[in-house]
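Notes follow once the structure below has been shown.
The values are calculated or read from the model by the stated rules, or taken from the named source; none is laboratory data. Just so we're clear, the structure is a prediction, and the values are computed from it rather than from any experiment. Every residue, glycine as well, gets a Cβ built from its backbone with ideal geometry; the counts of neighbours run over all protein chains shown. All accessible areas refer to the heavy atoms of the entire protein, side chains included, with ligands and DNA or RNA removed. Shrake-Rupley method; radii C 1.70, N 1.55, O 1.52, S 1.80 Å.
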Amino acid sequence: MSQTIVDNPGTREQTDPPTTTHGVDEKGRRTTRIVVIVGFVVVAALFFLLIFSAPVEDPVRTTIGFSLNSFFVALGGMHPLAQIPVFVAVFAVVVAILLVLIEYAPRPGRGYFIMRLVACLIIPLLAFLLLRPYQNAVLYVVAISLLVGGLLFFADYRSRQGAGYLFQLMLFMTPASIMLLMGLIYPAIATFVKSFFDKRGDEFVGLENYIWVFTNPVGTSSVINTLIWALLAPTFSVAIGLAYAVFIDRARGEKVLKVLVFMPVAISFVGAGIIWKFVYDYRQGDQLGLLNAIVTFFGGEPVNWLAVQPLVNTFMLLIVFIWTQTGFAMVILSAAINGVPVEQMEAAELDGANAWQRFRNVTLPGIRSSLIVVLTTITIASLKVYDIVAVMTGGRNDTSVLGFEMVNQQQRFQSYGHSSALAVVLFLFVLPLIIYNAQSLRKQREIR
């Protein structure tokens, strides 16, 4: 909100624009909430009618003569050197319009009032027509756009802080909200819905796709392997990283040793998979793989490590993941250990506690929050692992995991139903960890 400067003789004071009476009247706020809720229920109903209305034969595309799709098609036809300045110019124009509206429209006055009203009604309409020019649905688009804009303007006009506050807030939040809606929320809802349809997404099959996940050998092995990854990968990564953090800290050559341990973190999973695939290389005759070279040096026979079942090949893949995550755990935990108050360690030492007792009773409680963050982060990464399996085994010999099988079912077998069901199961595995992490962070803030 902008402020009005009032000059008095000998003084200069600032006064805020007067707040609306609806902001202090409980009955007025309740009326505003009811109107906004009912309005957005109507918007949702119109939107579903727009999506699920029966298709029209030979539909005529209703547009404003321009859309984002046509813009990017035209941009793709330009010379590569011309694409960058054109895109930057368009982006700059959009940002400039938003900044002008954010700066000027929230100000008091009839002209700014009209500017807010026009922006609330025009921007949603342009957004709908630019994002998707619906066919034979211009009435739906106009109704939804005007209703959304009207509700936003109504809520802004009756807000506690006065007209212009919510308008400014909505302009700040809308770009990020649209990207979040289009890139995360809508795909998540669409994936959940498709998990109840057949492989082509045409026929409703209920829970058949989920039954397939837990009964078909491919789906079952993916679930079991994913659980193994989620249990062993964070456990070993954190244990080894914590050991490094404790023993390397303050040792001679500490910086060099930490850099060497941390280096695998900078390598992508694809690169790590290729490196370790050479380590596990299997062939008759001269051995290129380091592991089989050691085996044959001591008189053994070369082993096809990535094909040994059950579970041995999965453990071999786990080693690659642990190798890439140990450095991450070491860096975070080393910083947390250095943050444990020295006074506590000295007090424990004076009380006669040995090194193990000091570590268990002082250091571990002091780094508990960091341990939780590292464990949950690595667990989530292990649940959605894809690259290592794809590069090293391609899911063969019962090494597939949910993340890989989800992509495999969609790309190789064109089974959108099975792929969506696998994605939902993977999401359900990850969700408790995210909730637990969020709750832990909230408790830490409350303590601080």
>> Could you work out how much longer the chain between L146 and I434 gets when fully extended? Use 0.36 nm per residue separation minus the Cα distance between them, nm to one decimal.
In response: 99.9 nm
> Are there trypsin sites (Lys or Arg not before Pro) in region 325-409 that DSSP puts in a loop and that have at most 14 other Cβ atoms within 10 Å, and which ones?
Replying inline: R396
> Can you give the net charge of the other residues whose Cβ lies under 12 Å from the Cβ of L288, counting K and R as +1 and D and E as -1?
Replying inline: 0
>> Longer than 30 Å from Cα to Cα, which of K384/K443; K255/K443; K199/K277 are they? Say none if no pair is.
In response: K255/K443; K199/K277
> Taking amide hydrogens as modeled 1.01 Å from N in the peptide plane, which residues meet the under 5 Å criterion relative to F197, leaving out close sequence neighbours?
Replying inline: V205
>> Give me the percent relative contact order of the chain, please, defined on Cα pairs under 8 angstrom at least 6 residues apart.
In response: 17 percent
>> Which residue fluctuates most in the GNM of the chain (Cα springs below 10 Å): V425, V312, V36?
In response: V36
> Please report, for the Cα atoms of region 306-448, the Rg to one decimal and the Dmax as a whole number; what are they, in angstrom?
Replying inline: 20.4, 67
>> Between 0 and 90 degrees, rounded to the nearest ten: what's the tilt of helix 269-279 against the longest Cα principal axis of the chain?
In response: 10 degrees
> Based on the Cβ-Cβ distance of R30 and V308, what FRET efficiency does E = 1/(1 + (r/R0)^6) give at R0 = 60 Å, to the nearest 0.05?
Replying inline: 0.30
> If we count every other residue with Cβ under 13 angstrom of L257's Cβ, Lys/Arg +1 and Asp/Glu -1, where does the sum land?
Replying inline: +2
> Using Cα-only point scatterers and the Debye equation, what is log10 of I(q)/I(0) for the chain at each q in 0.14 Å⁻¹, rounded to two decimals?
Replying inline: -1.28
> To the nearest 10 degrees, how steep is helix 80-104 against the longest Cα principal axis of the chain, on a 0 to 90 scale?
Replying inline: 60 degrees
>> Per residue, how much accessible surface does the chain expose to a 1.4 Å probe? Answer in Å², no decimals.
In response: 61 Å²
> Leaving out ligands, DNA and RNA, what percent of the accessible area of the chain is carbon and sulfur, probe 1.4 Å?
Replying inline: 68 percent
> Among L375, L75, L232, whose mean-square fluctuation peaks in a Gaussian network model of the chain (Cα, cutoff 10 Å)?
Replying inline: L75
